[in-house]
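Visitor: Mind having a look at this structure? Questions to follow.
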Amino acid sequence: MKALRSPTGATGYGVARISPFFSKSMWNEGFTIIGSPSHDAKKLWPDDYQQFCETMEKYEKQMRRIADRLAEMMMEVLEISEKKRKWVGASDVSAALQLNFYPTCPEPNRAMGLAPHTDTSIFTILKAKSSGLQILKEGKWIPVHPHPNTLIVHTGDFLRIMSNARFCSPTHRVVPNENDERYSIAYFYSPPTDYVVSPSVTGDLNSVARFRDVTVKEFIGIKAQKFGESLSFIST
């Protein structure tokens with residue numbers, strides 16, 4: 001495939017990053033965009049890529065506006081200093097768009113759409129028109145049914161660390177469907193790669209840090225190796 005993501009690459013078509021941790025294949029395909037989508041889009045549509053690129057760039061711009069505002073509010077709630085939140089709104093934030101497609105599955109009970117995982121990001125803004133997303137709560141999978149003209153916001157591992165576990169990073173999955181295809185767009189938002197993520201320790205209930213300080217780049221590397229044990233690996 002012309003736009004197939006290389007083993008070391010970050011953009012283009014490819015399977016989910018968490019696939020190596022599971023023996024069963026996942027019933028989906030995705031297209032990852034970081035920055036301008038034109039590099040990979042030109043490979044697919046050399047004479048007709050501009051409309052796609054313009055649409056994705058407009059969408060990313062709107063998601064970035066929402067994400068910056070959400071991040072600013074979260075930093076205020078966590079009482080993070082002005083110095084530590086200067087990255088919000090900066091040009092070097094770590095962000096990516098993920099376009100997902102889940103085709104109809106003849107045997108949905110024997111397949112995974114997207115395996116259970118937490119998001120690494122501070123949060124993820126998700127747009128989907130059909131069901132399939134489920135959140136793990138108290139040992140049970142709870143379906144998340146999308147509503148028209150709404151977005152779903154997942155809190156991720158970085159926010160869990162920053163909040164000293166006051167915010168969770170919920171485990172979630174996507175289940176396939178026998179009759180309906182599913183499309184979704186996820187916008188992942190994190191600080192710059194060299195930013196040091198540290199717990200906000202305030203008040204009697206959070207007087208002890210539950211995690212050690214870690215850079216964004218380091219934790220992404222840990223997640224690539226430890227997956228579900230990543231937060232335990234940096235716990236104090």
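The numbers here are math on the coordinates, done by the rules we state, and not lab data. Just so it is clear, the structure is predicted and the values come from calculations on it, not from any experiment. Methodologically, a virtual Cβ is constructed for each residue, glycine included, from the backbone with ideal geometry; neighbour enumeration extends over all protein chains shown.
Visitor: Taking 28 Å as the cut-off for C-alpha to C-alpha distance, list the pairs among Lys42/Lys84; Lys58/Lys129; Lys83/Lys127; Lys58/Lys226; Lys61/Lys84 that go past it. If you can, show how the numbers build up before the last one.
Guide: Values: Lys42/Lys84 39 Å; Lys58/Lys129 19 Å; Lys83/Lys127 32 Å; Lys58/Lys226 35 Å; Lys61/Lys84 24 Å.
The pairs that break the limit, which is 28 Å between Cα atoms, are Lys42/Lys84; Lys83/Lys127; Lys58/Lys226.
Visitor: Around Thr193, what is the net charge, scoring Lys/Arg as +1 and Asp/Glu as -1 over all other residues with Cβ under 11 Å from its Cβ?
Guide: Working: positive: Lys217; negative: Asp92, Asp194, Glu218.
My count for the surroundings of Thr193 gives -2.
Visitor: Sum -39500 (n - 2.57) across every DSSP H segment of at least 4 residues in the chain, then divide by the residue count to get the 222 nm mean residue ellipticity, nearest 500. Let's see the in-between values first.
Guide: Working: 5 runs with 56 residues, N = 236.
Computed ellipticity for the chain at 222 nm equals -7000 deg cm²/dmol.
Visitor: Going by average Cβ density within 10 Å per residue, which order do the peptides 188-195, 103-110, 214-221 take, highest to lowest?
Guide: Numbers: 188-195: 19.9, 103-110: 12.1, 214-221: 17.4.
Output ranking for 188-195, 103-110, 214-221: 188-195, 214-221, 103-110.
Visitor: Kindly express, to the nearest 10 degrees and within the range 0 to 90, the angle between helix 216-226's C-alpha long axis and the longest C-alpha principal axis of the chain.
Guide: Helix 216-226 sits at roughly 70 degrees to that axis.
Visitor: Right, something else. Considering segment 12-193, what Rg and Dmax in Å follow from its alpha-carbon atoms?
Guide: Final numbers for Rg and Dmax: 17.2, 53 Å.
Visitor: Any chance you could give the angle, 0 to 90 degrees and rounded to 10, that helix 50-77 forms with the longest Cα principal axis of the chain?
Guide: 20
Visitor: I've got another one for you. At what distance in angstrom do the alpha carbon centres of segment 187-236 and segment 21-78 lie from each other?
Guide: 24
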